[in-house]
Protein chains: 2
Amino acid sequence: MKKSIAIDMDNVLVDIELNWINWYEKAFGLRVEREAMRGIPEDAAFPDPIAARSLLYQPGFFLNAPIIEGAAEALQSLKEHYDLYIVSAAMEFPNSLIEKHDWLARYLPFISWRNIVLCGDKSIIGTDILIDDHTKNLDPFKGETILFTAGHNINVERHTRVNNWAEALDLLLVEERLAP
Amino acid sequence: MKKSIAIDMDNVLVDIELNWINWYEKAFGLRVEREAMRGIPEDAAFPDPIAARSLLYQPGFFLNAPIIEGAAEALQSLKEHYDLYIVSAAMEFPNSLIEKHDWLARYLPFISWRNIVLCGDKSIIGTDILIDDHTKNLDPFKGETILFTAGHNINVERHTRVNNWAEALDLLLVEERLAP
């Protein structure tokens, strides 16, 4: 039986940092450098964090976010060896529910609706592996955890880290893992 | 630590049978008796099953469905002793995502967004208990299963059955279960 992987969306499949920078610039005329997001909570990188958070509720914010480099190709490869589930904590932003569904249909059409989970707390997700950028999701997870690098988590040391999808494939497609 | 229960929506919290009968009558002028739904797939009870299924895609179908008798009071009681998660296979009907969220906010406002899961396949849900009306969800579930009676499942015998929320409370709030 294939092992199962739960894969987070924001900062793992979706380049939400770049998207947020772009939307903030469009709304408030000021461009934050991506480097400013390193080692601090995401919204704290913006001059006005409350205004920055208000953007998350704007129609189109999630739908039009760009995909992270290599994500689609990586999932195509992983799908041959693992059962993949997209697991996004979308429930905090109800407007994002349909946008996240539609984003997946646009960028990852080979992922079935059966394999999409929009939730709040991820602690009840029972896959073998979780790939996520947030320790709040990884820490209580019962299976194997993989931390996907995002600006806010660069100082975290307690989970196996991958910096990009190429590194994730190196970790997950090694022979010892795939042997029956 | 409290045990966790995943609770299905349609036919467990939401009276989708009655709702479907009402919508079919409004759309096609013919009222199907609830008894006609017993022991057969839900859509097969309607003279035109394809027309009946088309109603599931209509705006408002899920949002305006009535709550099942005793469900809100039962969840209030269970919440004191269990971690409750609402787990609905909503992903097949993308239009239902926001409606299911809004339905829960209306009828069960004491359930946090953190405890709501809208998904496809429920096999990766890792709660201790699942209450559901569909064997396709209960059969692959790894924890304890409770079949909530709906017309279509009256002949199923391979899961513990409860016919209503009063019976569910009798099963789940007995002293032996709640003892630390």
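Every number here is computed from the coordinates shown, using simple stated rules; none is lab data. In this text, all values refer to a predicted model and were calculated from it rather than measured experimentally. No Cβ is skipped: glycine too gets one built from the backbone with ideal geometry, and neighbour counts run over all protein chains shown.
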Exercise. Hey, can you grab everything whose amide H is under 5 Å from the amide H of B:Asn11? Only 5+ residues off in sequence or another chain; H modelled, so Pro and N-termini drop out.
Key: B:Ile16, B:Glu17
Quiz prompt | Under the Karplus curve 6.51 cos²θ - 1.76 cosθ + 1.60, θ = phi - 60°, whole-Hz ³J(HN,Hα) for the range B:91-107, x wherever Gly or Pro sits | solution = 5, 5, 10, x, 5, 7, 4, 6, 5, 5, 4, 5, 4, 5, 5, 6, 9
Exercise. Please report, to two decimal places, log10 I(q)/I(0) for the protein assembly as shown at q = 0.06, 0.11, 0.14 Å⁻¹ as given by the Debye formula with identical point scatterers on the Cα atoms and no solvent.
Key: -0.25, -0.82, -1.21
Practice problem: Beyond 25 Å between alpha-carbons counts as too far, so tell me which of A:Lys2/B:Lys100; A:Lys2/B:Lys3; A:Lys26/A:Lys100; A:Lys26/B:Lys100 fall in that bin. | Solution: A:Lys2/B:Lys100; A:Lys2/B:Lys3; A:Lys26/B:Lys100
Quiz prompt | Acute angle (nearest 10 degrees) that the helix B:16-28 long axis makes with the longest principal axis of chain B, alpha-carbon atoms | solution = 10 degrees
Quiz item: So what does the Cα-only Debye profile of chain B read at q = 0.15 Å⁻¹, as log10 I(q)/I(0), no solvent term?
Solution: -0.87
Quiz prompt | Directionally averaged shadow of the range A:16-57, computed from the convex hull of its alpha-carbon atoms, nm² | solution = 2.6 nm²
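Of all chymotrypsin sites (Phe, Trp or Tyr not before Pro) in the range B:101-180, which ones are in loop regions per DSSP and have a Cβ with at most 12 other Cβ atoms within 10 Å?
Counting only loop positions with at most 12 other Cβ atoms within 10 Å, the chymotrypsin sites (Phe, Trp or Tyr not before Pro) in the range B:101-180 are B:Phe110.
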Practice problem: Could you tell me which residue in chain A puts its beta carbon nearest the axis mapping A onto B, with the distance rounded to whole Å? | Solution: A:Gly126, 1
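Can you give the average number of partner chain beta-carbon atoms within 10 Å of each beta-carbon in peptide A:93-101, as a whole number?
On the way: counts 1, 7, 2, 2, 10, 5, 1, 1, 6.
Per residue, the number of nearby Cβ atoms from other chains is 4 on average.
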Quiz item: Which residues in the range A:76-110 place their backbone N less than 17 Å from a point set 7 Å from the Cα of A:Lys2 along the Cα-to-Cβ direction?
Solution: A:76-87, A:108-110
Exercise. Can you figure out the FRET efficiency of A:Phe28 with A:Phe110, using R₀ = 25 Å and their beta-carbon distance, to the nearest 0.05?
Key: 0.10
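For A:Glu17, A:Glu92, B:Glu175, what ranking results if the residue with the fewest other Cβ atoms within 10 Å of its Cβ goes first? Present the calculation step by step, with values, prior to reporting the outcome.
Working: A:Glu17 21, A:Glu92 12, B:Glu175 6.
Ordered by Cβ neighbours within 10 Å, fewest first: B:Glu175, A:Glu92, A:Glu17.
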Self-check item: Rounded to 5, percent antiparallel among DSSP beta bridges of the protein assembly as shown
Solution: 10 percent
Exercise. Compute the separation of the alpha-carbon centres of the range B:32-52 and the range A:132-164 and state it in Å as a whole number.
Key: 48 Å
Self-check item: Interchain or long-range residues, amide H under 5 Å from B:Ser4's placed H
Solution: B:Asp83, B:Asp128, B:Ile129
Quiz item: Using helices alone, what [θ] at 222 nm do you get for chain B, with -39,500 (n - 2.57) per DSSP H run of 4 or more residues, divided over all residues and rounded to the nearest 500?
Solution: -8500 deg cm²/dmol
Quiz item: Among B:Leu108, B:Leu56, what is the fewest-to-most ranking by other Cβ atoms within 10 Å?
Solution: B:Leu56, B:Leu108
Quiz item: Which percent of Cα-Cα pairs in the range A:15-122 sits in each 10 Å bin, short to long?
Solution: 13, 40, 34, 12, 1
Quiz item: Tell me, what ³J(HN,Hα) does each residue in the range A:75-88 have, in order and in whole Hz, if you take phi through Karplus 6.51 cos²θ - 1.76 cosθ + 1.60 with θ = phi - 60° and put x for Gly and Pro?
Solution: 5, 4, 5, 5, 4, 6, 10, 9, 7, 9, 10, 8, 10, 10
Quiz item: Taking chain B as a Gaussian network, Cα atoms linked when under 10 Å apart, which of B:Ala36, B:Ala52, B:Ala71 shows the biggest mean-square fluctuation?
Solution: B:Ala36
